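Notes for the one structure printed next.
The values are calculated or read from the model by the stated rules, or taken from the named source; none is laboratory data. Fair warning: this is a prediction, and the values are worked out from it, not measured in the lab. Every residue, glycine among them, receives a Cβ derived from its backbone with ideal geometry; neighbour counts consider all protein chains shown.
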Amino acid sequence: MDSGATDTVGDGPGQPRVLPATAAETTPEDPWPLRVFSEKLKAHIERSPEVWIEGQLLEANVRNGHAYLTMRDVDVEYSLSVNVWASVMRTLKDRPEVGARVVARVRPNLYLKTGRLSMTASDVRPVGLGDLLVRLEKLRQALQAEGLFDPARKRPLPVLPHRIGLVTGRDSDAEKDVLRNAALRWPGVEFEVRNTAVQGVNAVREVIAALRELDANPEVDVIVIARGGGALEDLLPFSAEELVRAVAAASTPVVSAIGHEADRPILDDVADLRASTPTDAAKRIVPDVAEERQRIQNARERLDRAVNHLVEREAQRIDALRSRPVMAQPDGMVQVRAEDVERLRGRAFSCIQSAVVRGYDAVTHLRAQVRALSPQQTLDRGYAVLQLAEGTVVRDAGQAPPGTHVGVRLARGSLTAAVEASTPAPTTTDPSEGDPS
């Protein structure tokens, strides 16, 4: 802290001491007196400009027209003393009340005698419902512009969560509704419950801590933040920007089940699923076991019908195939070929038989011709063949003089005879005469 002029202090009679000009120049041997530091600190603090602050009134004591207030932050346990002098109190429309949410225009002030820091207010205004709604709408629009409400960011809930994280008030109706209705729908459901404050200054901090703890648990598949209905001021923690951003950053799907259907905190917009009530949340995070069994039954019936239809259709196809000639008489093709073979065999047999008959006729004709030319045929007509003893055929009577023994060959058998007389043939030969043999 600097001062525009060099301060002096008396070290003794007639011996003034020049003080260090800045706090950085002070030493154990050359310190500032406490009053100098307090005055410099007061001057430094009072140079701060006025600022509007918001909080909830924990104390509101009015004495002699002055108001001595204690304001606490709405989200964390930070508090500050605020003094409202009588001149300002006379201009206020509403008297400050404990528990009210207010905004105040303050300037810091340091009381030198005690070193106590306080705020002096030049204006105090209660935060009305309309003001809260306007501020919430501005925050909603800002977060929406960042894309925190984008449907593409929302994660689908698991069909059947293994374990459900529940953040709610201790022994609250919301907790009972979620647990009871979820168990009625799916008796085997498991919960990981974290009881927190759901209104007041600790609500945001505790809900965020529980959310992060459940989000870090790998067994938790979905997280439900539930609270029953209430006034707008009671539901304000669920519109806190810090909580909304924590939900947006969670890796586990989050279900918002705050208040009733008409209640709409900002948490509903950033959550992956918004349930109108805690009971509605229980119905939407787990399936109904009766409905699932009915679906399974319906699916089995559809599957049975499909299988039966498939079997019937294939049976009809098989019957159609069996009714075809090639399947009804599988030997028909062989029979046709057998008939062809039989016909060809018949034709071949007929051809062969005709050829044999013709050959037989030819042989018979040739045999008849041969027989007609055969000596045996001549013998059969009554002729005989004479042969000498050596087998020579007698052709001329001169070959067998009387007394010659000749063999006579007849058509059947043979004889032996002796020539008694022979008559030679005439010398003139008629060419037309042939050999009788």
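Tabulated data
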| read-out | value |
| --- | --- |
| Residue among Gln399, Gln335 that is modelled with pLDDT under 85 and under 60 Å from the mean Cα position of the chain (by Cα) | Gln335 |
| Subset of the range 58-71 [modelled with pLDDT of 85 or more and over 16 Å from Leu117 (Cβ atoms)] | Glu59, Ala60, Asn61, Val62, Arg63, Asn64, Gly65, His66, Ala67 |
| Qualifying position, being loosely packed, with under 10 Cβ neighbours inside 10 Å, touching a strand residue (DSSP E or B) at 6+ places or on another chain (Cβ under 6 Å) and modelled with pLDDT under 85, among Gly10, Gly14, Gly4 | Gly10 |
| Single unsatisfied condition, Glu25 versus (1) touching an Asp or Glu at 6+ places or on another chain (Cβ under 7 Å); (2) modelled with pLDDT of 85 or more; (3) surrounded by fewer than 15 Cβ atoms within 10 Å (Cβ to Cβ) | (1) |
| Restricting the range 342-398 to residues that are acidic (Asp, Glu) and touching a residue at least 12 places away in the same chain (Cβ under 8 Å), the residue that is surrounded by the most Cβ atoms within 10 Å (Cβ to Cβ) | Asp380 |
| Residue in the range 271-286 that is more than 20 Å from Gly169 (Cβ to Cβ), among the hydroxyl-bearing types (Ser, Thr, Tyr) and surrounded by 10 or more Cβ atoms within 10 Å (Cβ to Cβ) present | no |
| Condition check for Val311: surrounded by 12 or more Cβ atoms within 10 Å (Cβ to Cβ), assigned to a helix (DSSP H, G or I) and at pLDDT 90 or above | no |
| Test: residue in the range 330-353 that is in a loop (DSSP other than H, G, I, E, B), farther than 30 Å from Ala417 by Cα and either out of contact with any Leu (no Cβ under 7 Å at 6 or more places or on another chain) or of a type in the set (Asp, Glu) (or both) | yes |
| From Thr416, Thr364, residue being hydroxyl-bearing (Ser, Thr, Tyr), modelled with pLDDT of 80 or more and not in a helix (DSSP H, G or I) | Thr416 |
| Neighbours by Cβ (under 8 Å, 6+ apart or cross-chain): first from the range 280-303, outside the structural domain of Val220 (by TED's automatic domain parsing) and touching a residue at least 40 places away in the same chain (Cβ under 8 Å); second of a type in the set (Asp, Glu) and assigned to a helix (DSSP H, G or I) | none |
